[in-house]
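Remarks on the structure that follows.
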Amino acid sequence: MNDYQAPCALLKNKIILITGAGDGIGAVAAKTYAEYGATCILLGRTVSKLEKVYDEIVEKGYPEPAIIPLDLNGATPSHYDQMAMTIKEQFGQLDGILFNASILGHIGPFADIEPDQWQQIMQVNVNSTAFLIKSLLSVLRASDNASVILTTSSVGRKGRSFWNGYAVSKFATEGMMQVLAAEYTNRNIRFNCINPGATKTQMRASAFPAENADTLKTPEDIMPLYLYLMGDDSIEINGQSLDCQPKR
Ligand SMILES: NC(=O)c1ccc[n+]([C@@H]2O[C@H](COP(=O)([O-])OP(=O)(O)OC[C@H]3O[C@@H](n4cnc5c(N)ncnc54)[C@H](OP(=O)(O)O)[C@@H]3O)[C@@H](O)[C@H]2O)c1
């Protein structure tokens, strides 16, 4: 899966929503999905970053994306219902979602947790995913085969000191994926997680400021698994949590 070579029309005619599409892994995933034929819906909170990704996709001649500026911290279920209606009107269906947006919060002792920050981490990393899925199920059902990918982390599988709210949010992400995958077994929507592993982005630099980032994989390096899980070659895969870098 990590050396998967996607056919060039893998995602042709697919409509794919990517959260956190303005930077890091999400920006590269959006450009990669567009390269393989998808019409991407770019969701994020910083419009200038989304517009940069939009311009790069259009300049390359890939399908024109759409932009949804939205701060997942302040968004409510009614925003998501409105978004689902807009997607239905404009595209008729949704064939994939990459839930990629997350925040790290403070890395440090559990005793130092700030309640406001804990709530924010849960809102952006967990609650927004749950309510977005709830709202978007109607457009996902209209797809022949929809793939929903949630983004996890190694600290969401085995607890590690100091990763407090972020780690707990990733445990919740793994659990949400399993619940949904079980409920939708043998239906047209599959749910899986990707763990990117250590990847050269702003988030990684915040977590490990002293690290030599040049030793890390780049978002581009890890795209084979993102393509595999989004495309129909992985149609039998449901309820799994897969690693881009199994040995890290
Ligand atoms: N990089 C790694 O080593 C690593 C390892 C394991 C797991 N992951 C996971 O991989 C995913 C991508 O991480 P990354 O390293 O690419 O992170 P990143 O560089 O920090 O990018 C995160 C993206 O999410 C967006 N975002 C954050 N809060 C948001 C909000 N409230 N509303 C809307 N969008 C918001 C950011 O928007 P702005 O640009 O506007 O801030 C940004 O585009 C995350 O789920 C992360 O937990 C990463």
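Suppose all protein chains stay in the model; what accessible area per residue would a 1.4 Å probe give for the chain, in Å²?
For the chain, the solvent-accessible area averages 47 Å² per residue.
Distance between Cα centroids, the stretch 15-65 to the stretch 99-136: provide it in whole Å.
23 Å
Using a 10 angstrom cutoff on alpha carbons, build the Gaussian network for the chain and name the most mobile of Gly24, Gly44, Gly92.
Gly92
Rounded, prolate or oblate: which fits the stretch 1-140, taking a ≥ b ≥ c as square roots of the Cα gyration tensor eigenvalues, rounded meaning a/c under 1.5, else prolate when a/b beats b/c?
Judged from the Cα gyration tensor, the stretch 1-140 comes out prolate (a/c at least 1.5, a/b above b/c).
Sort 185-194, 80-89 by packing, meaning the average of other beta carbons within 10 Å per residue, with the highest value first.
In decreasing order of mean packing, 185-194, 80-89 become 185-194, 80-89.
Relative contact order of the stretch 158-248, please, whole-number percent, based on alpha carbon pairs below 8 angstrom and at least 6 residues apart.
Here the relative contact order equals 38 percent.
Angle check, please: helix 47-59 long axis (alpha carbons) against the longest principal axis of the chain (alpha carbons), in degrees 0 to 90, nearest 10.
So the inclination is approximately 40 degrees.
Given axes a ≥ b ≥ c from the Cα gyration tensor, I'd like to know whether the chain is rounded (a/c under 1.5), prolate (a/b larger than b/c) or oblate.
It comes out rounded by the Cα gyration axes.
Could you name the lysines in cross-link range of Lys14, using Cα to Cα under 16 Å and dropping any fewer than eight places away on the same chain?
Lys31, Lys88
Which of Asp23, Asp116, Asp144 moves the most in a Gaussian network model of the chain with Cα springs under 10 Å?
Checking each option, the largest mean-square fluctuation is seen for Asp116.
Cut-off under 12 Å on the C-alpha distance; same-chain residues fewer than 8 positions from Lys12 excluded. Which aspartates and glutamates are left, in chain and number order?
Glu35, Asp95, Asp232
At 0.36 nm per residue, minus the direct Cα-Cα distance, what do Gln90 and Glu64 gain on full extension? Give it in nm, one decimal, please.
Here the answer is 8.1 nm.
State the percentage of accessible surface on the chain attributable to carbon and sulfur atoms; use a 1.4 Å probe and exclude ligands, DNA and RNA.
Of all accessible area on the chain, carbon and sulfur atoms account for 50 percent.
Among Asn164, Phe91, Ala207, pick out the residue whose Cα is farthest towards the positive end of the charge dipole of the chain, where Lys and Arg carry +1 and Asp and Glu carry -1 on C-beta, about the Cα centre.
Asn164
Picking from Ile97, Ile222, Ile237, which is most flexible by a Gaussian network model of the chain using Cα springs under 10 Å?
Sorting by GNM fluctuation, first place goes to Ile237.
The values are calculated or read from the model by the stated rules, or taken from the named source; none is laboratory data. Everything quoted here is computed from the prediction, not taken from an experiment. With ideal geometry, Cβ positions are generated from the backbone for all residues, glycine too; neighbour counts draw on all protein chains shown. Areas reflect the complete protein model, heavy atoms only, side chains present, ligands, DNA and RNA absent. Shrake-Rupley method; radii C 1.70, N 1.55, O 1.52, S 1.80 Å.
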